[in-house]
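Scroll down for the structure; my scribbles are underneath it.
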Amino acid sequence: MSTRCQIGFYEKEETDLNNFQALIYRHCDGYPDTMHGVIAGIKPILEDFDKNRGLFDIEYASAWLVAKLKVDYLDIGISKDFHGDIEYFYAVYQDRIEVYETPWDSDPRNWKLIDTVKLGKVKR
């Protein structure tokens, strides 16, 4: 069975996870393991984008992440809503990624924050 996840991008420091500006769906390998999972895959991409463009630019940052992660026709997609079959959710802010466990529930009020991963601050 696939470990599905979604990655949301947020412009503002909000606690309401429903207010994402961009939402990506990943069909498999959605576990947060920092050595081989989602964090290991997206953190360097996001930090590189921040260095060259700035994570404040949500539209381009989310598109860049999709382009860099895309392997085949079914692995990465764009979502308009939270899916009820995801195991993890990643909230991307300009300075961090928050990792949530989702009990296969599309309601963020039922999710549990399990980790916060700092993104390297780029000096401008």
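Tabulated results
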| item | result |
| --- | --- |
| Residues Asp107, Asp50 arranged by fewest to most Cβ contacts within 10 Å | Asp107, Asp50 |
| Vicinal HN-Hα couplings computed from phi for the range 90-106 (Karplus, 6.51 cos²θ - 1.76 cosθ + 1.60; Hz; Gly/Pro x) | 10, 9, 9, 10, 5, 10, 6, 10, 9, 10, 10, 8, 10, x, 6, 9, 7 |
| Under the Karplus curve 6.51 cos²θ - 1.76 cosθ + 1.60, θ = phi - 60°, whole-Hz ³J(HN,Hα) for the range 74-79, x wherever Gly or Pro sits | 10, 8, 10, x, 9, 10 |
| Proxy reagent accessibility, fewest Cβ within 10 Å first, across Lys80, Lys68 | Lys80, Lys68 |
| Rounded tilt (10° steps) of 58-69 against the dominant C-alpha axis of the chain | 70 degrees |
| Nearest-0.05 FRET efficiency for Arg96 and Lys70, computed from C-beta distance (R0 22 Å) | 0.35 |
| The chain: angle of helix 38-52 to the longest principal axis, Cα-based, in degrees nearest 10 | 30 degrees |
| Proximal lysine pairs, the range 5-118, alpha carbons under 25 Å, eight or more residues apart or interchain | 20 |
| Inter-label distance, nm, simple model (7 Å from Cα along the C-beta direction), Trp104/Glu47 | 3.5 nm |
| Dipole magnitude (debye, nearest 20) for the chain, charges at Cβ of Lys, Arg, Asp, Glu | 500 debye |
| Interchain or long-range residues, amide H under 5 Å from Asp115's placed H | Val99 |
| Net charge of neighbours whose Cβ lies under 15 Å from the Cβ of Ala67, counting Lys and Arg as +1 and Asp and Glu as -1 | -1 |
| Per-residue HN-Hα couplings for the range 14-19 [Karplus 6.51, -1.76, 1.60; θ = phi - 60°; Hz; x = Gly/Pro] | 10, 8, 7, 5, 5, 9 |
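Readers should treat all values here as calculations from the given coordinates under stated rules, not as data from a laboratory. Treat the numbers as computed from the prediction; the structure is a model and nothing was measured. Don't worry about glycine lacking a Cβ; one is built from the backbone with ideal geometry, like all the others, and counts go over all protein chains shown.
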